[in-house]
Structures are given as C-alpha cells and as structure tokens.
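Written out below as structure tokens is the structure these notes cover.
Read the figures in this text as sums done on the coordinates, not as results from a lab. None of the values given here were measured: they were computed from a predicted structure. Note that each Cβ is placed from the backbone with ideal geometry, even for glycine, and that neighbours are counted across all protein chains shown.
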Amino acid sequence: MPDGESPCAASLPAQTSTIRNQSMPVTLITRPENSRTGTKRKSLAERVIKHFASSLSCRMLCFLDDQDASVVRLDRGAANRGFYLPVDENVPLNWLPEYVTSRVYVDDGVSMFFPRVVDELIYLHGTTCADDVGLVLTLAHELQHAVQHGKARNIWAVNTLVTGLDRKIITKLNLSWSDIPIELDARLVSKRVAEGLFGAKLVCAHIDKKIAEQITEADAAEWTFMKALDPATSVDVASATQSLFWRLKDYRSELEAVLEEVKNSSDYNCITLDCFFGTDGRQNVQMA
C-alpha cells in the first residue's frame with residue numbers, strides 16, 4: 001500500500017460488472033456496493049459504455065470512485081474529473097491509489113509478479129460521479145479517447161504530445177483544449193451522448209453550474225467553450241491534427257523531446273513526427 005493511502009479506503013467494497021461487446025469485455029467497478037447510489041451509477045455507466053461497446057477492442061477497466069483521489073489531482077490539476085490511460089508494463093501506475101492499481105495487476109495466488117489483466121483504464125473521481133450529467137459527460141469523453149486510441153493510435157499519440165509541451169510555449173501560442181483535435185472530438189461526442197440521455201436543457205444547466213463553480217479560470221473557460229459546442233457537428237481528427245502540427249512547426253525539437261520521454265511505452269515507440277511536418281501542413285498522415 002502506497003504511503004498516505006487510507007486502509008479503510010482500500011478495503012471498501014465495490015460493485016463489479018462485466019459488459020461484453022463484440023471483442024473484449026469491459027469491467028465496470030463502482031464504489032461502494034450495496035447502496036442505492038452505487039446501483040444507480042452502475043446502471044447509468046452501463047448505458048454509456050454500451051453506446052461505445054462495439055468500438056472498444058481492449059481489456060478495459062472503468063473505475064467509478066466514491067471519493068476523489070488527491071494523488072490524481074496533484075498530477076493532473078485541481079479541476080481534473082477523470083482520465084483515460086492505456087496500460088502496459090512500461091507505464092508507471094505508482095501515482096494512483098492502491099485500490100485502483102490492485103484491479104490492474106491482480107494477485108492470482110500463484111504468480112510472483114501479479115499479472116496485468118487490463119489494457120486500458122478509465123478513472124472517474126467521486127465528485128464527478130456525484131452528478132448524473134457530469135458522470136455521463138466525463139465517462140463518454142474518456143471512452144471516446146479509447147475509441148480514438150483503438151482506431152487511429154498514431155493520431156491519438158501525437159495529439160497527447162502537445163499537452164506535454166512547456167507551459168510557456170502553450171501560453172505563447174494561446175493553445176487550449178479546443179485546439180487539440182482528439183480533445184475537441186471527445187467533447188463533441190460526450191455532449192452528444194449526454195444530450196441523448198438527458199436532453200439539451202439539463203446538460204446546459206450542468207455546464208452553467210460548472211462555469212459558476214470556477215474551480216480554475218481555465219476550467220471555467222473550458223466549460224464556456226463546451227456550452228457553445230454544437231453536438232451535431234464533428235471534427236476530422238486526422239486533418240485537424242495535421243493543421244495543428246503545421247502551427248507547431250517551429251517547435252518540432254520540443255515535441256521530439258516530449259516524444260523521447262515516452263518512447264518506452266508501446267504507444268509511442270514506433271512514432272515518427274516526419275509525416276506530421278509536411279512542407280505545406282497538409283501531408284497525409286498514417287492512421288494506424
């Protein structure tokens with residue numbers, strides 16, 4: 001158990017269900033079990049997961065917490081609502097709560113090194129799950145990242161490099177989440193799914209509430225942008241990625257440095273940025 005981890009938090013029971021799709025099962029864990037709230041969240045999450053099920057191709061764990069993981073917020077910011085993370089043996093998980101990682105590497109009672117039973121992890125904080133609309137928006141957002149990762153891994157991977165740039169560069173270029181194609185796509189899809197379940201009026205009310213909370217100035221700006229999005233529209237992620245990298249052409253060396261830091265992961269070890277820096281910014285990119 002990591003330092004600072006609450007023993008009682010790690011021992012809380014959780015509801016576990018398996019949702020099967022055309023290829024791989026999705027394991028859904030909701031904490032705590034045997035409660036009306038947990039059962040309601042589980043049912044709602046299952047509806048969202050089934051919306052994406054046919055497009056998911058890896059062993060996935062969706063972990064819906066009943067508390068906020070402070071270690072995650074320390075790593076990803078105070079406004080973080082959850083995350084999507086592809087997992088392999090080279091991806092460190094020591095920044096996550098033990099009660100989550102123990103569901104990724106599971107004690108089988110035999111192996112010296114616990115076997116990994118998960119290829120992709122989605123985690124939602126307890127405060128995210130406390131609001132039905134917030135749960136659906138965030139879960140659908142992270143599931144769309146899983147779809148992107150499965151269908152066009154190179155495109156997904158290079159998009160994530162941009163967020164690793166030095167904050168001075170991001171500020172100088174006035175980059176925001178809306179400028180990163182996979183993030184814009186995930187927001188459009190999540191709003192579409194949420195409005196399909198709750199209607200536009202309830203989704204808009206939730207967004208207004210998040211704007212008013214203003215956890216951070218950047219978070220409020222993101223929700224303001226989210227409110228203006230038309231969920232009936234879509235984005236050509238590959239083309240938009242090419243345009244973004246043309247905009248970043250003067251910072252290729254910085255992007256290469258970010259890439260080098262993550263080369264040990266299987267998602268990045270075969271990536272080259274050559275095809276994303278064509279002479280006119282419209283060079284074809286490899287989708288696989």
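Would any residue of region 129-160 have its amide N under 16 Å from a label point 7 Å out along Cα→Cβ of residue 170? List them or say none.
Answer for region 129-160: 158-160.
For a quick check: sort 275, 129, 270 by the number of other beta carbons within 10 angstrom, fewest at the front. Write down the numbers at each step before the final one.
On the way: 275 15, 129 27, 270 10.
Result, fewest neighbours first: 270, 275, 129.
I want the local charge near residue 91. Using Cβ-Cβ distances under 12 Å, sum +1 for each Lys or Arg and -1 for each Asp or Glu among the other residues. Show your work: numbers first, answer last.
Details: positive: 116; negative: 88, 89, 119, 120, 267.
Charge balance near residue 91 sits at -4.
Using Cβ counts within 10 Å as a stand-in for footprinting exposure, how do 237, 106, 258 rank, fewest first?
Values: 237 22, 106 14, 258 18.
Ranking 237, 106, 258 by Cβ neighbours within 10 Å, fewest first, gives 106, 258, 237.
Take residue 220 and residue 50, extend 7 Å from each Cα along the Cα→Cβ direction, and tell me the distance between the two endpoints in nm.
A separation of 4.0 nm, rounded to one decimal place.
Indicate, rounded to the nearest 5 percent, the antiparallel portion of the DSSP beta bridges found entirely in the chain. List each step's numbers first, then the result.
On the way: 11 of 21 bridges.
Percent antiparallel among DSSP bridges in the chain is about 50.
Please compare each pair in 209/249; 151/263; 191/249; 42/227 to a cut-off of 30 Å on the Cα-Cα distance and tell me which ones are over it. Let's see the in-between values first.
Values: 209/249 38 Å; 151/263 20 Å; 191/249 32 Å; 42/227 27 Å.
As for pairs spanning more than 30 Å Cα to Cα, those are 209/249; 191/249.
What is the set of long-range amide H partners of residue 79 at a cut-off below 5 Å, with H atoms built 1.01 Å from backbone N?
Amide H neighbours of residue 79, under 5 Å, 5+ apart: none.
By how many degrees, 0 to 90 and rounded to 10, does the Cα axis of helix 132-151 deviate from the longest principal axis of the chain?
Here the helix axis deviates by roughly 60 degrees.
Give a residue-ordered list of calculated ³J(HN,Hα) values for region 75-90 (Karplus: 6.51 cos²θ - 1.76 cosθ + 1.60, θ = phi - 60°; whole Hz; x for Gly, Pro).
7, 10, x, 5, 8, 4, 10, x, 7, 10, 9, x, 10, 9, 5, 9
Report the extension gain between residue 261 and residue 71 in nm, rounded to one decimal, defined as 0.36 nm multiplied by the number of residues separating them, less their alpha carbon distance.
Length difference between fully extended and current span is 66.3 nm.
To the nearest 0.05, how large is the calculated FRET efficiency for residue 88 and residue 204 if R₀ is 51 Å and r is the Cβ-Cβ distance? Can you show the working numbers first?
Numbers: r = 39 Å, r/R0 = 0.77.
With R0 = 51 Å, the Cβ-Cβ based efficiency is 0.85.
Could you give the size of the charge dipole of the chain about its Cα centre, using +1 on the Cβ of each K and R and -1 on the Cβ of each D and E, expressed in debye and rounded to the nearest 20?
Details: 31 positive and 38 negative charges, 185 e Å.
Magnitude of the dipole: close to 880 debye.
Rg and Dmax of the chain over Cα atoms: what are they, in angstrom?
19.1, 59
Any idea how far apart residue 254 and residue 108 come out in nm if each label point goes 7 Å out from Cα toward Cβ?
In this crude label model, residue 254 to residue 108 measures out at 4.5 nm.
If you line up the long axis of helix 36-52 against the longest principal axis of the chain, both from Cα atoms, how many degrees apart are they, to the nearest 10?
Long axis of 36-52 versus the principal axis of the chain: about 40 degrees.
Return the whole-Å distance between the Cα centroid of region 61-93 and the Cα centroid of region 117-180.
11 Å
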